[in-house]
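Chemist: Just passing along the structure, written as structure tokens.
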């Protein structure tokens, strides 16, 4: 009787054990085919995270140092009208260059890759047509600039004089940062002019819509916040004449 | 008898396990540690059977308790970024070897005893 009991319990435990082992084997095998789970990969991922953290910390330090510098400047120029005027000028220039966070009324427009196009046999002939290219962003930004936009950003990346928008495979590189669909373009300026420049018949948005790219907007927004350019503009070769 | 039950359990488990659904990769680490705990329990059960002090209550509570504790430890280790599950594995595998040693000794003794008996019987038979 006692032996029977032992046998049954051990049998049940072995039953559970083998089920677990079989499930585990299956899971591991499947995972290895879809995601490479080697140690080297994990180490690299850790490294990337560490560097990113370092970058964030340094970036925060930079922001606090800038604030400090600003307050020191204010302190130094308090009792001096000429340097106060200079200070104002520096501020103004920084705003124009895109080195400060700005806010104002303007428009927002979202461009997206058309993911449902695969249902349409006509569109699948050339999938390149239904995705957003760097050229599309450049054309839209150009139209906005032409309409007098004072500040433009794409997915949080400020458009400054040194900005380049290039195609790198399936993503777009802007200001050295890779961004992907959806592309949120924000612009501050005269709302009517900006809106009109985009929806004008024969304008670039019409072309994009005809190509079946998903276009949301343009929407007029009263309070748009545009982030500052978070890089550094260095000049090495130009000199004032 | 015990061996037959284990074999039947393993076969049934393998058959059902093959057709069982997969679990997400996140949880496979926990399942792995639970497997080690269960394996340890099986060896522990065998060893106690050999020692003739098998207790069903102790065995079942040990089986579930070990598995749950080791899973919790693994979870805690992941949260703390320390590989605590290694400690659980070391303990379980170490105990497995201990239990295996007990089982091995028992059967070796049995075998040598039988051999001795046989030789004794042979010698007594010759004397007669």
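Chemist: Take every residue in peptide B:57-66, count the Cβ atoms of other chains within 10 Å of its Cβ, and give the average of those counts.
Modeler: Neighbouring Cβ atoms belonging to other protein chains average 1 per residue here.
Chemist: So, in nm, how far is label residue A:192 from label residue A:164 when the simple model puts each one 7 Å beyond its Cα toward the Cβ?
Modeler: 4.0
Chemist: Same structure, new question: Could you give the distance between the Cα centres of the stretch B:75-93 and the stretch B:1-68, to the whole Å?
Modeler: 20
Chemist: Which order do peptides A:141-151, B:55-65, A:85-95, B:41-51 fall in by mean Cβ count within 10 Å, highest first?
Modeler: Most protected by this proxy first, the peptides run B:41-51, A:141-151, B:55-65, A:85-95.
Chemist: So, one more: Could you check how many percent of all C-alpha pairs in the stretch A:50-146 are farther apart than 24 Å?
Modeler: 58
Chemist: Step by step: find N for the stretch A:141-241, compute 2.2 N^0.38 Å, then divide the Cα radius of gyration by it. What's the final number?
Modeler: Rounded to two decimals, the normalised Rg is 1.19.
Chemist: Could you compute the FRET efficiency for residue A:57 and residue B:53, with r as their C-beta to C-beta distance and R0 at 56 Å, rounded to 0.05?
Modeler: Efficiency, from the Cβ-Cβ distance: 0.40.
Chemist: Write down the Å³ per residue value for the convex hull defined by the alpha carbon atoms of the stretch A:42-95.
Modeler: Working: hull volume 3.4 nm³, N = 54.
For the stretch A:42-95, the hull spanned by Cα atoms encloses 62 Å³ per residue.
Chemist: Computed FRET efficiency, Cβ-Cβ of residue B:95 and residue A:50, R0 51 Å: what is it to the nearest 0.05?
Modeler: 0.85
Chemist: Principal axis extents for the protein assembly as shown, Cα atoms only, whole Å, descending order, please.
Modeler: Ordered largest first, the protein assembly as shown gives principal extents of 128, 65, 39 Å.
Chemist: Still on this structure: Treat the count of other C-beta atoms within 10 Å as a stand-in for reagent exposure and order A:78, A:73, A:158, A:241 from fewest to most. Spell out each step's value before the answer.
Modeler: On the way: A:78 10, A:73 16, A:158 24, A:241 3.
Arranged by neighbour count, lowest to highest, A:78, A:73, A:158, A:241 become A:241, A:78, A:73, A:158.
Chemist: Tilt of helix B:56-80 relative to the longest C-alpha principal axis of chain B, in degrees (0 to 90, nearest 10)?
Modeler: Helix B:56-80 sits at roughly 40 degrees to that axis.
Chemist: Another question about this same structure. Can you put A:167, A:14, B:10 in order, fewest other beta carbons within 10 Å first?
Modeler: So the ranking, lowest neighbour count to highest, is A:167, B:10, A:14.
Chemist: Treating the angle as unsigned and between 0 and 90°, give the value, to the nearest 10°, between the Cα long axis of helix A:39-76 and the longest Cα principal axis of chain A.
Modeler: 30
Chemist: On to the next question. Please tell me the relative contact order of chain A in percent, rounded to the nearest whole number, where contacts are Cα pairs under 8 Å and at least six residues apart.
Modeler: 25
Chemist: Can you give me the relative contact order of the stretch A:119-208 as a percent, contacts being Cα pairs under 8 Å and 6 or more apart?
Modeler: For the stretch A:119-208, the relative contact order is 30 percent.
Chemist: Determine the gain in length on full extension of the stretch residue A:108-residue A:80; use 0.36 nm per residue of separation and subtract their C-alpha separation, reporting nm with one decimal.
Modeler: Extending this stretch completely gives an extra 5.9 nm.
Chemist: Per 0.36 nm of contour for each residue apart, how much would the distance between residue A:142 and residue A:209 grow if the chain were fully extended, relative to their Cα-Cα spacing?
Modeler: The residue A:142-residue A:209 span can extend by a further 22.4 nm.
Chemist: If you project the alpha carbons of chain B onto the principal axes, what extent comes out on each, in Å, largest first?
Modeler: Principal extents (largest minus smallest coordinate, Cα): 75, 33, 24 Å.
Chemist: May I ask for the angle, rounded to the nearest 10°, between helix A:81-97 and the longest principal axis of chain A, with both axes built from Cα atoms and the value confined to 0 to 90°?
Modeler: 50
Chemist: If r is the Cβ-Cβ distance from residue B:1 to residue B:81 and R0 is 41 Å, what FRET efficiency results, to the nearest 0.05?
Modeler: 0.30
Chemist: Using only the Cα atoms of the stretch B:88-128, construct the convex hull and provide its projected area averaged over every direction, in square nanometres to one decimal.
Modeler: 2.3
Chemist: Add -39500 (n - 2.57) for each DSSP H run of 4 or more in chain A, then divide by its residues: what number comes out at 222 nm, to the nearest 500 deg cm²/dmol?
Modeler: That comes out to -16500 deg cm²/dmol.
Values in this text are rule-based calculations from the coordinates and carry no lab data. Bear in mind the structure is a predicted one, so any value in this text is a computation, not a measurement. In this analysis, Cβ positions are derived from the backbone assuming ideal geometry, glycine residues included, and neighbour counts consider all displayed protein chains.
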